[in-house]
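Encoded as structure tokens, the structure appears first; notes follow it.
Please treat every number below as a calculation from the coordinates, not as lab data. This one's a predicted model, so the numbers in the text were calculated from it and none came from an experiment. Glycine gets a Cβ as well: all are built from the backbone with ideal geometry, and neighbour counts include every protein chain shown.
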Amino acid sequence: MPLLAFGINHKTAPVEIREKVSFSPERIVVALQDLLSYPHVEEAAILSTCNRTEIYCGTSAEASLVDWLGGFHNLDVAKIQPYIYVHPDQEAVRHVLRVASGLDSMILGEPQILGQMKDAFASANDAGAIGKTLGRLFQHTFSVAKQVRTDTAIGSSPVSVAFAAVSLAKQIFSNFQQHTAMLIGAGETIELVARHLKEINIGRIIIANRTVERAHVLADEVGGYAIALQDIPKHLAEADIVISSTASPLPIVGKGTVESAIKARKRQPMLMVDIAVPRDIEAEVGELQDVYLYTVDDLQEIIQEGLKSRQEAAKQAEEIIDTQVSHFMGWLRAQNSVPMIRAYREQAMQLRDDELDKALRKLAAGAEAAEVLKQFAHNLTNKLIHSPSSQMRQASHEGREELLKAAQELFDLKNLEP
């Protein structure tokens, strides 16, 4: 069955186009059912994230599917056509493997896309839209993505400010369940930091924000608790890790506040990462003993090193994917032989049943068992090899050497005399 992957992503389309063709989770099942009603569409799955909308299909109806995407969203196809990419068959397989492995992401090697692809598979499977081919492709994809993560360093080096900040903390602290992090701000960067900290099982998270309600929302999502900015001095001594990113024009945390916190902590070290521009933490804080203060510029060095490391790992990942694409395409091509193998097996079984019926009748009539068995084996062998032998003789008569060579390989005939 032909495969097709098509859609748009952050490389081909701006956000104002991407948002027009995105699928909300509650609409995906309806969309899949509608898509499967199209001629020649046997299987389908939809992956829709902030950076991409892609449809994976078992189909040969490329043109009509682009029309379907526009029609489903009530869009003029001509307006989205320039942004759409289409990958058939082998290139579709390669594309899916690269996407799941984070090689096609805005942030090279980011791990979230694999979870999103697993969700897309689950939704399509629940909708009854997954058949044998896509089912095998998705399972193969998950296995390859895991191999890429295991065998390369594609996800081990930080390439975002949030990830770099948490990676820095991992270099200084161990056993995160015993530590507390205070996050100052509640914007996108702090939200990512909070999620990364939760993933590494940080013991406690304190969210401090000017708008306490927003802090409460984020704290609820990551299992932390919220405080107002003016309450930072009361809780700062509890924090082993402080990461700040606000839009404040003036510093929020001063040297005196940190000095008091360090005394209360009995000189236990504190990591402070100031991601904000202008800075949230007074520069003089870095002069204090037992305080490790880093700014966004310090993180940039970590990010550049991480990006270089991921780019090297991506080369290794591409080699893995090349091999795994070949493996899947081999499986896919093998499916074309299934009807022929089934027909050949059924033919052989019918010949066996016919001869077995004759043998059983002879035994019932009192014939000697050994002679009946010998005759059964002789007749069955002759019938099984009759048609192939006849075809090979005819091919030899017609000079069809390619068919004779194929027969030699097919029947595993080695060391034939010339």
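Listed values, structure above:
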| item | result |
| --- | --- |
| Pairwise FRET efficiency - Gln112 versus Thr381, Cβ, R0 = 56 Å, nearest 0.05 | 0.40 |
| Listed peptides 2-10, 25-33 by packing density, highest first (mean Cβ within 10 Å) | 2-10, 25-33 |
| Per-peptide average of other Cβ atoms within 10 Å, ordering 171-178, 132-139, 267-274 highest first | 267-274, 132-139, 171-178 |
| Descending semi-axes in Å of the stretch 269-379, equivalent ellipsoid built from Cα gyration tensor | 82, 17, 11 |
| Among Gly58, Gly203, Gly366, residue whose mean-square fluctuation peaks in a GNM of the chain (springs only between Cα atoms under 10 Å) | Gly366 |
| Additional length obtainable on full extension of the chain from Lys308 to Ile200, 0.36 nm per residue less Cα span | 36.5 nm |
| Distant-in-sequence amide H partners of Val159 (H built 1.01 Å from N, under 5 Å) | Ala164 |
| Size descriptor, Kirkwood hydrodynamic radius, that averages inverse alpha-carbon separations across the stretch 221-277, Å | 12.4 |
| Within the stretch 3-151: Cβ-based charge dipole about Cα centre, in debye rounded to nearest 20 (Lys, Arg +1; Asp, Glu -1) | 360 |
| Positive-end extreme of charge dipole, the chain - chosen from Thr189, Leu380, Ile241 (charges on Cβ) | Leu380 |
| The stretch 372-401 and the stretch 197-260: distance between their alpha carbon centers, rounded to Å | 83 |
| Mean projected area in nm² (Cα convex hull; one quarter of hull surface) for the stretch 161-303 | 7.4 |
| Debye equation applied to the C-alpha atoms of the stretch 14-75, log10 I(q)/I(0) at 0.12, 0.27 Å⁻¹ | -0.27, -1.31 |
| Selected from Gly135, Ala162, Ala100, residue furthest toward positive end of dipole (the stretch 40-175; charges at beta carbon) | Ala162 |
| GNM top mover of Asp220, Asp126, Asp353 - the chain, alpha-carbon springs below 10 Å | Asp353 |
| Simple spin-label estimate for His10 and Asp357 in nanometres, 7 Å along Cα-Cβ | 6.8 |
| Length released on extending from His397 to Arg265, taking residue separation times 0.36 nm less the Cα-Cα span | 38.0 nm |
| Spin-label model distance (nm) - Asp231 vs Gln33, 7 Å beyond Cα toward Cβ | 4.7 |
| Phi to ³J(HN,Hα) by Karplus 6.51 cos²θ - 1.76 cosθ + 1.60 over the stretch 38-52, Hz, x for Gly, Pro | 6, x, 6, 9, 9, 9, 6, 8, 10, 10, 10, 10, 5, 9, 7 |
| Where GluC sites (Glu not before Pro) fall in DSSP loop in the stretch 324-386, at most 13 other Cβ within 10 Å | Glu368 |
| Charge dipole magnitude, Cβ of K and R +1, D and E -1 - the chain, Cα centre, debye nearest 20 | 800 |
| FRET efficiency estimate (nearest 0.05) - Cβ-Cβ, Leu373 to Gln177, R0 60 angstrom | 0.25 |
| Förster radius 41 Å - calculated FRET efficiency between Ala334 and Tyr85 (Cβ-Cβ, nearest 0.05) | 0.90 |
| For the chain, the fraction of alpha-carbon pairs in successive 10 Å shells from zero, as % | 4, 16, 19, 16, 15, 11, 6, 5, 4, 2, 0, 0 |
| Net charge of Cβ neighbours under 13 Å - reference Ile28; Lys, Arg +1; Asp, Glu -1 | -4 |
| Distance (nanometres) between label positions extended 7 Å along Cα→Cβ at Met349 and Asp297 | 7.7 |
| For the stretch 338-410: Kirkwood Rh in Å [reciprocal of mean 1/r, alpha carbons] | 14.3 |
| Ranked Ser337, Ser244, criterion: other C-beta atoms within 10 Å, fewest first | Ser337, Ser244 |
| Sorted by Cβ neighbour density within 10 Å, fewest at the top, the residues Lys266, Lys170 | Lys266, Lys170 |
| Helical mean residue ellipticity (222 nm; -39500 (n - 2.57) per DSSP H run of 4+; nearest 500) of the chain | -18000 deg cm²/dmol |
| Semi-axis lengths (Å, descending) of the ellipsoid that matches the C-alpha gyration tensor of the stretch 180-232 | 16, 11, 9 |
